[in-house]
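Asker: This structure is in structure tokens; I'll ask about it shortly.
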Amino acid sequence: MIEYDKDAIVPPYITEYLREKTVHNDALLHELEAYAKENSVPIVEPETARFLSVMTEIKKPLRILEIGCAIGYSAILMSKGLADGGKITTIEYNNDMVNIARKNIGKAGLSDTITVIEADAKDYLAYIDDDEVFDIIFLDGPKAHYIYMLDDCVRLLKKGGIIISDNVLYKGMIADDNHVVRRKITIVKRLRKYIDALMEHEKLKTALLPLGDGVTVSVKI
């Protein structure tokens with residue numbers, strides 16, 4: 001068995017090239033990237049961050065829902081592509097991350113734009129009213145929970161809206177049993193089920209991309 005091959009999705013020379021071409025000059029985001037690296041906090045890969053940035057610029061969403069805020073990196077990144085008056089709601093379960101995210105969002109001057117909710121997303125989503133529809137939903141929380149949140153995400157997504165899901169190929173484990181690490185079997189099974197559900201969903205059209213740790217993009221039709 002191959003042990004958790006970090007280069008299982010994209011060859012390292014391709015990753016290196018992509019990251020050479022996705023540099024940015026945002027000082028706060030650089031600061032958050034350094035903090036994440038130093039403290040082993042998971043944030044989106046650089047090429048995935050650029051993809052998120054481009055997608056929000058294309059869509060110019062009025063409302064974004066993010067599941068899995070961590071230190072606020074992706075929410076701050078996506079805020080740059082919002083339509084005038086646009087808002088982001090981001091859900092985070094970990095209290096320490098909630099406090100750090102709120103501090104970073106305040107530092108970015110975005111406290112009126114980004115709301116951080118401390119909750120378990122798979123439970124909280126059911127309490128969001130149907131009329132609170134979103135233009136983009138970004139899933140980057142616990143991977144084993146994606147499948148349990150799909151119905152609510154589709155319900156809360158505006159027609160023509162987009163669901164972006166990160167880490168769906170999970171270091172190559174999803175595509176090849178030889179890459180599966182035993183302790184990750186439950187996550188792998190649920191992510192495979194999630195991808196199948198996206199691909200077969202009658203209200204979604206989905207593309208599966210070998211970007212970063214694997215990304216799906218689904219549009220509500």
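The values are calculated or read from the model by the stated rules, or taken from the named source; none is laboratory data. Here the structure is a predicted model, which means the values were calculated and not measured. Positions of Cβ are generated from backbone atoms using ideal geometry, with glycine treated the same way; all protein chains shown enter the neighbour counts. Calculation scope for accessible area: heavy atoms of the full protein, side chains included, ligands and nucleic acids excluded. Shrake-Rupley method; radii C 1.70, N 1.55, O 1.52, S 1.80 Å.
Asker: Among the listed residues 92, 66, which satisfies the condition of being modelled with pLDDT of 95 or more and over 22 Å from residue 26 (Cα atoms)?
Answerer: Numbers: 66 fails: over 22 Å from residue 26 (Cα atoms).
After applying the criteria, what remains is 92.
Asker: Need the failing condition index for residue 123 against (1) within 27 Å of residue 63 (Cβ to Cβ); (2) at pLDDT 95 or above, just the number.
Answerer: All conditions pass for residue 123, except number (2).
Asker: Still on this structure: Taking region 165-205 on its own, how many of its residues are open to solvent by less than 20 Å² (accessible area, probe 1.4 Å), at pLDDT below 95 and not aliphatic (A, V, I, L, M)?
Answerer: Number of matching residues: 1.
Asker: Let me ask another. Out of region 104-121, which residues are touching a residue at least 12 places away in the same chain (Cβ under 8 Å) and open to solvent by 40 Å² or more (accessible area, probe 1.4 Å)? Spell out the reasoning first.
Answerer: Going through region 104-121, the residues touching a residue at least 12 places away in the same chain (Cβ under 8 Å) turn out to be 104-105, 107-108, 110, 113-121.
Residues satisfying the conditions are 107, 115, 118, 120.
Asker: What is the number of the single condition among (1) among the aliphatic types (A, V, I, L, M); (2) part of a loop (DSSP other than H, G, I, E, B); (3) free of Cβ contacts under 8 Å to residues at least 40 places away in the same chain that residue 8 does not meet?
Answerer: (3)
Asker: Could you give every pair whose Cβ atoms fall below 8 Å, whose first residue belongs to region 206-221 and is free of Cβ contacts under 8 Å to residues at least 60 places away in the same chain and open to solvent by 30 Å² or more (accessible area, probe 1.4 Å), and whose second residue is among the β-branched types (Val, Ile, Thr) and not in a strand (DSSP E or B), counting only separations of at least 6 or pairs across chains?
Answerer: Every condition considered, the pairs that remain are 208/168; 208/195.
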